Amino acid sequence: MLKQILFGISLLVTLGVFAYTMRQLFYNFRFTKPKKLTDFGQRLLVTFKVAILQSKIMRFPFAGVLHALVFWGFIVILFGSIEMVFDGLAGTERMFSFLGGFYDFLTGAGDVFAFIILISILIFLARRLFFRVQRFYGVEMKPVSKADANLALSFILLLMVSLLGMNTFYLLDASAAGRPLVGNYPVSERIATLFQGMSPEQLHFWHEFNWWFHILLIFVFANVLPYSKHFHVFMSVPNVFVSRIEPLGVVDNMDSITREVKLMLDPSLAADAPADAPPSRFGVADAEDVTWVNYMNALSCTECGRCTAVCPANITGKLLSPRKIMMDLRARMKEKGPGLAKNGLQYDDGKALIGSYISEEELWACTMCNACAMECPVNIHQPSLILDMRRYLVLEKSAAPGGLNAAFTNIENNGAPWQFSPYDRLKWAEDLSMNNID
């Protein structure tokens with residue numbers, strides 16, 4: 001009973017802290033702009049292909065396969081973790097063993113995946129500690145970012161060691177005590193041969209130690225994740241579901257601008273046009289101007305650097321890093337969110353996403369090639385956010401680069417980006433001899 005009470009208290013504390021953190025993070029969605037989702041069938045297909053099958057991450061075959069194995073392994077191992085929670089509350093051992101052959105399959109797969117994940121994490125740690133993988137570096141990657149990645153990998157490593165330890169000493173402890181063995185543990189059976197000489201008391205102690213160490217580590221890790229880039233463990237699948245399903249080159253028009261242009265082209269539509277309230281802002285200047293999908297993108301960013309590694313602006317030495325854009329939005333919302341919650345949308349702390357976090361030079365360096373969005377393993381669409389920040393600079397600040405301002409003026413005056421009168425457009429053909437075709 002004491003074990004059940006201690007476990008129940010641990011579980012309640014874990015759920016309470018996790019719920020508090022989630023409330024802080026998700027409360028910020030209230031300050032974002034709406035965005036309507038459609039085509040749910042296609043979204044499910046994209047989610048299955050990109051999130052479940054891990055299709056995009058396979059562009060880097062070596063790291064991609066290892067990451068996919070870790071992802072699939074965690075799905076299988078989740079079954080064992082749920083069983084541990086029920087066992088801890090009920091004071092039972094291997095409660096789901098009534099599932100018979102299916103239980104044997106899941107426990108066997110979990111045991112094998114634990115070993116595969118352990119090896120994969122060791123490789124990932126070695127790459128970060130001993131090999132200079134270029135995409136792990138950049139001006140936005142502070143020492144805390146690297147420590148965050150290493151800490152999360154260490155957590156997972158210890159989780160797998162304790163899981164295999166728990167299975168190993170379960171086999172030995174149950175055999176020594178004469179209890180029936182349930183489940184299948186192909187890897188732990190081999191490890192168990194190394195501990196055959198231990199006494200029954202020692203075997204029971206190490207089984208209990210690994211059981212408690214593993215479940216408490218899960219509880220701690222679950223509450224560390226929301227403060228880590230590895231929060232994508234929770235956010236990546238839903239982020240893929242809400243991601244853009246249109247072709248990458250499609251540019252979303254601003255509804256208010258579209259209506260204005262239509263009215264200019266056909267004033268007769270003015271009588272039927274709805275009397276919409278004017279938009280509070282054109283484009284994005286600060287965190288509260290983004291859509292909820294933009295914010296979810298920021299929460300889902302894994303900081304893997306695949307976007308920045310293929311960005312032509314970044315490769316040629318310009319300031320732009322698509323990864324930094326998403327990290328900046330996340331940091332800005334975290335900074336301003338409490339003020340918005342306390343004082344409302346009119347709250348102003350004297351800072352803004354543009355200027356305080358992201359410079360105009362970064363924004364205008366983007367070529368809108370969509371290479372970053374193409375590479376992102378969780379379907380983040382960085383160009384749409386960059387475009388909205390540019391819209392704010394152009395429409396509200398008239399802060400476009402000189403060349404673009406000249407083009408805008410020419411479009412306004414001449415109907416084309418060139419500094420020629422519309423009446424002179426065919427002068428280039430005056431001296432050409434061409435056949436007239438009636």
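Residues are listed down the side, and each one gets a yes or a no for (1) open to solvent by 40 Å² or more (accessible area, probe 1.4 Å); (2) modelled with pLDDT under 90; (3) touching a Pro at 6+ places or on another chain (Cβ under 9 Å):
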{"site": "ILE315", "(1), (2), (3)": "yes, no, no"}
{"site": "ARG332", "(1), (2), (3)": "no, no, no"}
{"site": "PRO338", "(1), (2), (3)": "yes, no, no"}
{"site": "ALA352", "(1), (2), (3)": "no, no, no"}
{"site": "CYS366", "(1), (2), (3)": "no, no, yes"}
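Conditions tested, residue by residue: (1) in contact with a strand residue (DSSP E or B) (Cβ under 7 Å, 6 or more places away or on another chain); (2) closer than 22 Å to GLY110 by Cβ; (3) of a type in the set (Gly, Ala, Ser).
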site: ALA192; (1), (2), (3): no, yes, yes
site: GLU201; (1), (2), (3): no, no, no
site: TRP206; (1), (2), (3): no, yes, no
site: ILE215; (1), (2), (3): no, yes, no
site: VAL224; (1), (2), (3): no, no, no
Note to self: For a quick check of your reading of the model, give me the residue pairs whose first member lies in segment 300-315 and is touching a residue at least 24 places away in the same chain (Cβ under 8 Å), whose second is acidic (Asp, Glu) and open to solvent by 20 Å² or more (accessible area, probe 1.4 Å), with beta-carbon atoms closer than 6 Å and at least 6 apart or on different chains.
What the structure shows: ARG306/GLU375; CYS307/GLU375; VAL310/GLU375
Margin query: Being under 29 Å from VAL112 (Cβ atoms), out of contact with any Ser or Thr (no Cβ under 6 Å at 6 or more places or on another chain) and either in a loop (DSSP other than H, G, I, E, B) or open to solvent by 60 Å² or more (accessible area, probe 1.4 Å) (or both) is the requirement here; does SER175 meet it?
Written below: yes
Check: What number of residues in segment 393-425 are assigned to a helix (DSSP H, G or I) and either open to solvent by less than 30 Å² (accessible area, probe 1.4 Å) or out of contact with any Gly (no Cβ under 9 Å at 6 or more places or on another chain) (or both)?
Finding: 16
Next item on the list: State the number of residues belonging to segment 275-313 that are closer than 20 Å to THR258 by Cα and either touching a Gly at 6+ places or on another chain (Cβ under 8 Å) or surrounded by fewer than 22 Cβ atoms within 10 Å (Cβ to Cβ) (or both).
Entry: 11
Margin query: Looking at ILE75, ILE82, can you tell me which residue is within 21 Å of the chain's Cα centre (by Cα) and within 18 Å of PHE221 (Cα to Cα)?
Written below: ILE75
Note to self: With the structure loaded, tell me whether PHE213 is touching a residue at least 40 places away in the same chain (Cβ under 8 Å), surrounded by 19 or more Cβ atoms within 10 Å (Cβ to Cβ) and of a type in the set (Phe, Trp, Tyr) or whether it fails that test.
What the structure shows: no
Item checked: Qualifying positions in segment 319-330 - part of a helix (DSSP H, G or I) and open to solvent by less than 10 Å² (accessible area, probe 1.4 Å) -> PRO322, ARG323, ILE325, MET326, LEU329
Check: Taking ILE354 and the conditions (1) within 20 Å of the chain's Cα centre (by Cα); (2) closer than 30 Å to GLN24 by Cβ; (3) β-branched (Val, Ile, Thr), which numbered condition does it fall short on, given that it satisfies the others?
Finding: (1)
Next item on the list: Give the residue that is farthest from MET166 (Cα to Cα), with candidates limited to residues of segment 129-150 that are assigned to a helix (DSSP H, G or I) and open to solvent by less than 60 Å² (accessible area, probe 1.4 Å).
Entry: ARG135
Note to self: If TYR103 satisfies all but one of (1) in contact (Cβ under 8 Å) with a residue 12 or more places away in the chain; (2) open to solvent by less than 30 Å² (accessible area, probe 1.4 Å); (3) within 19 Å of the chain's Cα centre (by Cα), what's the number of the condition it fails?
What the structure shows: (3)
Next item on the list: Might you check whether a residue that is closer than 22 Å to ILE57 by Cα and open to solvent by less than 30 Å² (accessible area, probe 1.4 Å) occurs anywhere in segment 82-94?
Entry: no
Next item on the list: Confirm whether ARG244 is surrounded by fewer than 20 Cβ atoms within 10 Å (Cβ to Cβ), at pLDDT below 95 and over 30 Å from CYS376 (Cβ atoms).
Entry: no
Check: Out of all the residues in segment 34-62, which are part of a helix (DSSP H, G or I) and either open to solvent by less than 100 Å² (accessible area, probe 1.4 Å) or among the small types (Gly, Ala, Ser) (or both)?
Finding: GLY41, GLN42, ARG43, VAL46, THR47, VAL50, ALA51, ILE52, LYS56, ILE57, MET58, PRO61
Margin query: Based on this model, can you work out whether VAL237 counts as under 27 Å from LEU45 (Cα atoms), at pLDDT 90 or above and not small (Gly, Ala, Ser)?
Written below: yes
Item checked: Breaking point among (1) open to solvent by less than 60 Å² (accessible area, probe 1.4 Å); (2) more than 21 Å from the chain's Cα centre (by Cα), for GLU360 -> (1)
Next item on the list: Evaluate segment 81-94: report whether one residue or more is part of a helix (DSSP H, G or I) and acidic (Asp, Glu).
Entry: yes
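Conditions (1) of a type in the set (Phe, Trp, Tyr); (2) open to solvent by 40 Å² or more (accessible area, probe 1.4 Å); (3) under 30 Å from PHE48 (Cβ atoms); (4) not in a helix (DSSP H, G or I), marked per residue:
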position: PHE209; (1), (2), (3), (4): yes, yes, no, no
position: LEU217; (1), (2), (3), (4): no, no, no, no
position: ASN223; (1), (2), (3), (4): no, no, yes, no
position: HIS230; (1), (2), (3), (4): no, no, yes, no
position: PHE234; (1), (2), (3), (4): yes, yes, yes, no
position: VAL237; (1), (2), (3), (4): no, yes, yes, no
Notebook entry, point to check: Of the numbered conditions (1) crowded, with 17+ Cβ neighbours inside 10 Å; (2) out of contact with any Gly (no Cβ under 6 Å at 6 or more places or on another chain); (3) not hydroxyl-bearing (Ser, Thr, Tyr), GLN196 satisfies every one except a single condition; which is it?
Noted result: (1)
Next item on the list: Among the numbered conditions (1) open to solvent by 50 Å² or more (accessible area, probe 1.4 Å); (2) part of a helix (DSSP H, G or I), tell me where VAL250 comes up short.
Entry: (2)
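The values are calculated or read from the model by the stated rules, or taken from the named source; none is laboratory data. Everything numeric in this text was worked out from a predicted model, so none of it was measured. Note that we place each Cβ from the backbone using ideal geometry, even for glycine, and neighbour counts take in every protein chain shown. These area figures cover heavy atoms from the full protein model, side chains too; ligands, DNA and RNA do not enter into them. Shrake-Rupley method; radii C 1.70, N 1.55, O 1.52, S 1.80 Å.
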